[in-house]
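Structure record follows, encoded as structure tokens.
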Amino acid sequence: VVLAIVASWCPTCKAQRPIEESLLAAPTYREVTMMTIDFDSQKPLLARYKVAMQSTLVAFRGGKEVGRSVADTRREGIEALFRKTLD
């Protein structure tokens with residue numbers, strides 16, 4: 001699972017989205033599920049996952065956090081985070 005913490009007004013979130021969609025469409029990541037948390041309206045979830053800002057991606061494998069990135073808009077960086085969910 002990858003959590004994407006997004007805000008509708010966030011240009012970084014908008015830049016991340018096409019990369020995330022491309023990766024999710026790839027056979028390598030067919031087992032990855034992406035869930036979105038709205039930065040402005042879902043504050044209890046932000047606290048639960050200890051997220052301080054939008055454009056944060058949090059990767060989980062087997063219910064445990066295995067990686068996190070903030071404001072990364074590079075395909076290589078986002079894909080490296082997705083890879084951590086596999087195995």
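The values are calculated or read from the model by the stated rules, or taken from the named source; none is laboratory data. Here the structure is a predicted model, which is why all the values come from computation and not from measurement. For neighbour counting, all protein chains shown are included, and Cβ atoms are generated from backbone atoms with ideal geometry for every residue, glycine included. Ligands, DNA and RNA are excluded from the accessible area calculation, which covers all protein heavy atoms including side chains. Shrake-Rupley method; radii C 1.70, N 1.55, O 1.52, S 1.80 Å.
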One would report the antiparallel percent of DSSP beta bridges in the chain, rounded to the nearest 5, as 65 percent
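When the accessible area of the chain is split by element with a 1.4 Å probe, what percent falls to carbon and sulfur? Present the calculation step by step, with values, prior to reporting the outcome.
Working: 2740 of 5040 Å².
Exposed carbon and sulfur together represent 54 percent of the surface.
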Whole-percent tail of the Cα-Cα distance distribution for the chain, cut at 18 Å, equals 36 percent
Taking a crude spin-label model, label points 7 Å out from Cα along the C-beta direction, the residue 45 to residue 17 distance in nm is 1.5 nm
Taking a crude spin-label model, label points 7 Å out from Cα along the C-beta direction, the residue 28 to residue 52 distance in nm is 3.1 nm
Under the helix-only model (-39500 (n - 2.57) for each DSSP H run of 4 or more, divided by the residues of the chain), the mean residue ellipticity at 222 nm, to 500 deg cm²/dmol, is -10000 deg cm²/dmol
For segment 28-35, in residue order, the Karplus 3J(HN,Hα) values (coefficients 6.51, -1.76, 1.60; θ = phi - 60°; whole Hz; Gly and Pro = x) are 4, 10, 4, 8, 7, 10, 10, 10
Which of 36, 12, 73 fluctuates most in a GNM of the chain (C-alpha springs under 10 Å)? That residue is 36
Note to self: with every protein chain in place and a 1.4 Å probe, the chain gives an accessible area per residue in Å² of 58 Å²
So the FRET efficiency between residue 35 and residue 79, C-beta based with R0 = 30 Å and rounded to 0.05, is 0.95
Scan of the chain for chymotrypsin sites (Phe, Trp or Tyr not before Pro) in DSSP loops with at most 16 other beta-carbon atoms within 10 Å gives a longest site-free stretch of 10-48
Computed about the Cα centre, the charge dipole of the chain from +1 Lys/Arg and -1 Asp/Glu charges at the Cβ has a magnitude in debye, to the nearest 20, of 200 debye
